Amino acid sequence: MFAYQKRLQYPIDIKKKDLKLAKCLLSQYGGPYGELAASLQYLNQRFSMPDGRGKALLTDIGTEELGHVEMICTMIYQLMKGATIEELKAAGLGGQYAQNDHALYPTDASGVPFTITYTQTTGDAIADLESNMAGEQRARATYEHLMDLTDDPDVLQPLAFLRQREIIHYQRFKELKNIYQKELKK
Amino acid sequence: MNEYMNYYNRSIGKQYNTEEFTMNDWNPGIYMNQTPYSDAKKEKKNSILYNPYEGFAKGNLFKDLYKSYKGVKPKILEPKTEKMELLSYISTYAFAVHELNLYLDNDPFNQKMLEKYKKYVEELKKATKEYEKIYGPLTVTGVKQKDWTWVNDPWPWENN
Ligand SMILES: [Fe+2]
């Protein structure tokens with residue numbers, strides 16, 4: 001069961017419209033290394049974790065990633081707020097407007113719709129955790145690319161926050177993998 | 001004025017400046033008849049915790065794990081309204097709670113970490129109660145007003 005909390009994990013208040021950046025941020029919404037893929041991957045993998053530690057960790061990180069989906073959506077929403085059709089066209093978001101108006105839709109930065117094939121599950125705890133570690137590194141790298149693309153502090157702070165979260169998640173997955181590897185040897 | 005005012009000053013205040021946490025009495029215990037996990041002890045990792053304010057600003061409560069990128073400096077929040085002061089306080093403690101939650105998942109018998117966790121949960125619960133009384137619910141069961149305030153704007157994705 002999930003219960004919603006009416007607040008963001010980290011506050012976002014972007015005042016400056018930036019459609020090109022909004023388009024790039026879509027990568028972390030519906031892109032291959034994005035938050036939505038991460039969340040669904042962990043919440044799906046947790047069913048086959050060998051013990052309570054794994055079930056708990058994947059539930060808790062998967063849930064946090066849902067909160068990150070909300071943060072990314074918030075950034076895109078605020079960056080696009082009040083954009084005119086002309087501005088959307090100029091930023092390469094004409095197609096987005098035709099299909100979705102100003103609404104959010106999970107695609108990558110080039111407009112390719114989200115697909116569940118971005119997620120991996122094998123049922124093997126070690127393979128799954130290794131895959132999650134790699135996923136966290138890819139997400140961290142993507143956040144660094146996004147940080148390269150802006151100097152707006154209202155955007156940089158939440159991006160830096162999200163990037164740190166990937167570092168923590170990587171560490172926790174690695175620890176759990178090491179635990180399982182040692183225990184499975186016996 | 002509520003008792004959670006001056007978020008920024010509190011964050012740099014003396015009482016929080018020295019709040020560091022070193023895990024020196026590691027006691028992993030036995031989990032599901034498996035070997036206790038002792039990697040962290042060997043690697044001396046995760047031994048020092050930032051205070052909740054600094055950890056929240058950095059997105060990372062664990063000093064040894066923090067790595068900044070391109071010199072982007074984490075900023076302690078400077079909330080502009082009383083409501084935001086209190087919400088920032090809640091988010092700060094919710095973050096600290098979540099960080100310890102993930103840590104404890106891998107090491108459920110770390111009593112010292114669990115104590116810290118419980119302390120932060122108390123702080124979070126107290127502030128949440130206060131917020132919901134004044135400003136409206138954070139979760140749907142937190143409606144304390146005579147009207148159904150769950151539907152009130154703003155929602156989290158809207159600028160406030
Ligand atoms: Fe993550």
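The values are calculated or read from the model by the stated rules, or taken from the named source; none is laboratory data. If you're wondering where the values come from, they're calculated on a predicted model, not measured in any experiment. Backbone-built Cβ (ideal geometry, glycine too); neighbour counts: all protein chains shown. Accessible surface is based on the protein model in full, side chains and every heavy atom, while ligands, DNA and RNA are left aside. Shrake-Rupley method; radii C 1.70, N 1.55, O 1.52, S 1.80 Å.
Would you mention how many residues in segment B:98-107 are within 7 Å of chain A (Cβ to nearest Cβ) and of a type outside the set (D, E, K, R)?
Final tally of qualifying residues: 4.
Could you tell me which residue of segment B:124-145 is nearest to the chain's Cα centre (by Cα), considering only residues that are of a type in the set (Ser, Thr, Tyr) and more than 13 Å from B:MET84 (Cα to Cα)?
My answer is B:THR139.
Just need a number here: residues in segment A:140-153 that are surrounded by 19 or more Cβ atoms within 10 Å (Cβ to Cβ), in contact (Cβ under 8 Å) with a residue 60 or more places away in the chain and not hydroxyl-bearing (Ser, Thr, Tyr).
Total satisfying the criteria: 1.
Yes or no: B:ASN110 more than 9 Å from chain A (Cβ to nearest Cβ), buried (at least 16 other Cβ atoms within 10 Å of the Cβ), on the phi < 0 side of the Ramachandran plot and among the polar types (S, T, N, Q)?
yes
Considering only segment A:137-156, I want to know if a residue exists there that is farther than 30 Å from B:PRO79 by Cα and in contact with a helix residue (DSSP H, G or I) (Cβ under 8 Å, 6 or more places away or on another chain).
Yes, segment A:137-156 contains at least one residue that is farther than 30 Å from B:PRO79 by Cα and in contact with a helix residue (DSSP H, G or I) (Cβ under 8 Å, 6 or more places away or on another chain).
Name the residues in segment A:39-53 that are closer than 22 Å to B:ALA94 by Cα and within 11 Å of chain B (Cβ to nearest Cβ), would you?
A:ARG53
Quick one: count up the residues across segment A:59-104 that are facing chain B (nearest Cβ under 10 Å), farther than 20 Å from B:SER91 by Cβ and crowded, with 20+ Cβ neighbours inside 10 Å.
Qualifying residue count for the region: 1.
Which one is farthest from B:GLY55 (Cα to Cα) among residues in segment A:161-186 that are open to solvent by 10 Å² or more (accessible area, probe 1.4 Å), part of a helix (DSSP H, G or I) and out of contact with any helix residue (DSSP H, G or I) (no Cβ under 7 Å at 6 or more places or on another chain)?
Checking each candidate, the answer is A:LYS185.
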